[in-house]
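Structure, as structure tokens:
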Amino acid sequence: MNTIHNLLCSSRWWARRVEGELVPWGVGGIELGDEVLEVGPGFGATTRLLARRLGPGHLTAVELDEGYCQHLRRDLGDAVKVVQGDATALPFDDDRFSSALCFTMLHHIPQRERQDRAFAEVARVLRPGGVFAGTDSVGTGRLFKLIHIGDTLLPIAPQGMAQRLQRVGFAEAVVDDAGKSFRFRARKPSL
């Protein structure tokens, strides 16, 4: 992420928004289970909140950028297992996690095919019946585009998200479009 994006994502304003809006909207009403995966936490505003909710030993965060991984490890200690890895090739066994979450990260995956590969990888590492949920930005607006100058920016159209999740094996895919952002929820079919 560029400097502006880093400043925004590490700000108190963003932390308050994550706690008051983003995470409650993204996971409200979902049973997360005992072993939760967060994909692409970046600076970790969502991770800090999830770690408090879930308690030590129940959250694993996978992050591509080693610098962010180091920051998360320093900031969160043993509360979260932080793994450096790529969402398109998750370094975990099949059927490991009870749920997987992703907040405002998907638009940072540079190609549509790689986004779909990340969805398929999440399906692979979820247990049967496990939920994949989260939020992302639609990518409209001048300010949104400005804070992504020099960053990867490939917004996902909420209108096609449910079908993309179903194509990689998810069921019960639902997308709620709130204008500038959307949330998604899908379930890995039970055996």
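What follows draws every value from the coordinates through simple rules; no lab data is involved. Everything quoted here is computed from the prediction, not taken from an experiment. We place every Cβ from the backbone using ideal geometry, glycine too, and count neighbours over all the protein chains shown.
Computed values, structure above
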item	result
Relative intensity, log₁₀ I(q)/I(0), of the chain from a Debye sum that treats every alpha carbon as a point, q = 0.12, 0.15 Å⁻¹	-0.52, -0.85
Computed lengthening from Arg73 to Leu191, 0.36 nm per intervening residue step minus Cα-Cα distance	38.9 nm
Debye, to nearest 20: dipole size of the range 79-191, +1 on Lys, Arg Cβ, -1 on Asp, Glu Cβ	140 debye
Within a Gaussian network of the chain (alpha carbon springs, distance under 10 Å), most fluctuating of Ala178, Ala61, Ala79	Ala178
Over the chain: helical MRE at 222 nm, DSSP H runs n ≥ 4 each giving -39500 (n - 2.57), nearest 500	-10000 deg cm²/dmol
About the Cα centre, charge dipole magnitude for the chain (Lys/Arg +1, Asp/Glu -1 at Cβ), debye	460 debye
Label point 7 Å beyond Cα of Gln166 along Cβ direction - residues of the range 175-191 with amide nitrogen under 17 Å	175-177, 184-190
Relative contact order computed over the range 75-168 (Cα-Cα under 8 Å; 6+ residues apart), in percent	34 percent
Within a Gaussian network of the chain (alpha carbon springs, distance under 10 Å), most fluctuating of Gly139, Gly130, Gly67	Gly67
Unit charges at the beta carbon, dipole of the chain: most positive-side option, Leu106, Pro128, Leu54	Leu106
Max mean-square fluctuation residue, GNM over the chain, Cα-Cα springs under 10 Å, options Arg48, Arg127, Arg167	Arg167
Whether the range 111-191 is rounded, prolate or oblate, judged on the alpha carbon gyration tensor where a/c under 1.5 counts as rounded	prolate
Antiparallel DSSP beta bridges within the chain, percent to nearest 5	45 percent
Distance between modelled label sites at Lys180 and Leu8, nm, 7 Å Cα→Cβ extension	0.9 nm
Under 15 Å, Cβ to Cβ, from Thr88 - net charge with Lys/Arg +1 and Asp/Glu -1	-1
